[in-house]
Amino acid sequence: MDPRLRRKVIKCVRRIRTIPFTDACNEYDIIVIDLASIVYGLRRPVEFLKNLSLAQTHNIVRSRFVIVLDYSREIHVKVSNRYITLIRDLGLEYVLSENEPAEIRAAKICREHILRGHKCIVLSRDYDPLTIVDEELMPSRRHFAWTVDHVMVDRRCLESLT
């Protein structure tokens with residue numbers, strides 16, 4: 001996201017609450033994960049993916065996870081290729097972002113599910129999804145990695161700034 005646009009969007013973002021990630025997983029039908037932004041902040045990204053798989057396999061969470069891998073630039077393709085086999089082996093669903101950033105693709109996927117009547121949310125460290133969907137989950141900087149901030153954008157505020 002353009003740094004100027006980021007500063008504008010941040011002014012319009014409101015934190016609704018901070019909740020454990022597992023609680024969020026039981027509130028939504030689908031969680032679309034911008035993987036690159038999430039694993040960037042984790043020491044053991046493979047463990048994150050394994051935990052998602054185990055949670056689904058053992059019906060610990062009700063959410064379906066859709067992982068978006070960034071395929072928008074050559075440097076991202078190399079990183080994403082390392083995860084594809086692992087994600088397949090773990091039985092997780094994934095989508096390649098192809099010609100757009102993963103966070104934008106994730107928001108578009110989520111918006112499609114919302115329009116079909118599903119309760120969907122994006123998990124990302126970026127604010128970009130909020131330009132497309134009204135809310136998202138962000139790993140909390142105040143708590144452990146498995147805690148997320150549920151944030152919402154004020155559309156009127158956003159429109160007044162652009």
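In this structure, does ILE67 turn out to be surrounded by 19 or more Cβ atoms within 10 Å (Cβ to Cβ), touching a residue at least 40 places away in the same chain (Cβ under 8 Å) and not in a loop (DSSP other than H, G, I, E, B)?
Details: surrounded by 19 or more Cβ atoms within 10 Å (Cβ to Cβ): yes; touching a residue at least 40 places away in the same chain (Cβ under 8 Å): no; not in a loop (DSSP other than H, G, I, E, B): yes.
It is false that ILE67 is surrounded by 19 or more Cβ atoms within 10 Å (Cβ to Cβ), touching a residue at least 40 places away in the same chain (Cβ under 8 Å) and not in a loop (DSSP other than H, G, I, E, B).
Just wondering, is there one or more residues in the range 113-129 that are in a strand (DSSP E or B), of a type outside the set (A, V, I, L, M) and either surrounded by 15 or more Cβ atoms within 10 Å (Cβ to Cβ) or in contact with a Gly (Cβ under 8 Å, 6 or more places away or on another chain) (or both)? Explain how you work it out, then say what you get.
Filtering the range 113-129 down to residues in a strand (DSSP E or B) leaves 120-123.
Filter again for of a type outside the set (A, V, I, L, M), leaving 120.
Keeping just the survivors that are either surrounded by 15 or more Cβ atoms within 10 Å (Cβ to Cβ) or in contact with a Gly (Cβ under 8 Å, 6 or more places away or on another chain) (or both) gives 120.
Taking every residue of the range 113-129 in turn, at least one turns out to be in a strand (DSSP E or B), of a type outside the set (A, V, I, L, M) and either surrounded by 15 or more Cβ atoms within 10 Å (Cβ to Cβ) or in contact with a Gly (Cβ under 8 Å, 6 or more places away or on another chain) (or both).
Screening LYS8, LYS108 for residues that are under 17 Å from the mean Cα position of the chain (by Cα), of a type in the set (Lys, Arg) and under 20 Å from ARG125 (Cα atoms) leaves exactly one candidate, LYS108. Take the conditions of a type in the set (Lys, Arg) and out of contact with any helix residue (DSSP H, G or I) (no Cβ under 6 Å at 6 or more places or on another chain) and apply them to ARG125. Does it pass? Taking the combined requirement at face value, the residue does not satisfy it. Of all residues being within 17 Å of ASP89 (Cβ to Cβ) and among the aliphatic types (A, V, I, L, M) in the range 34-55, which is nearest to the chain's Cα centre (by Cα)? Just the residue, please. Filtering first and then ranking leaves LEU35.
Report whether or not ASP149 is in contact with a strand residue (DSSP E or B) (Cβ under 6 Å, 6 or more places away or on another chain), acidic (Asp, Glu), at negative phi and in contact (Cβ under 8 Å) with a residue 60 or more places away in the chain.
Criteria met by ASP149.
We did not get these values from a lab; they are worked out from the coordinates using the rules stated. Only a predicted model underlies this, so the values are computations on that prediction, with no experimental measurement involved. Neighbour counts are summed over all protein chains in view; Cβ atoms, including those assigned to glycine, are modelled from backbone coordinates with ideal geometry.
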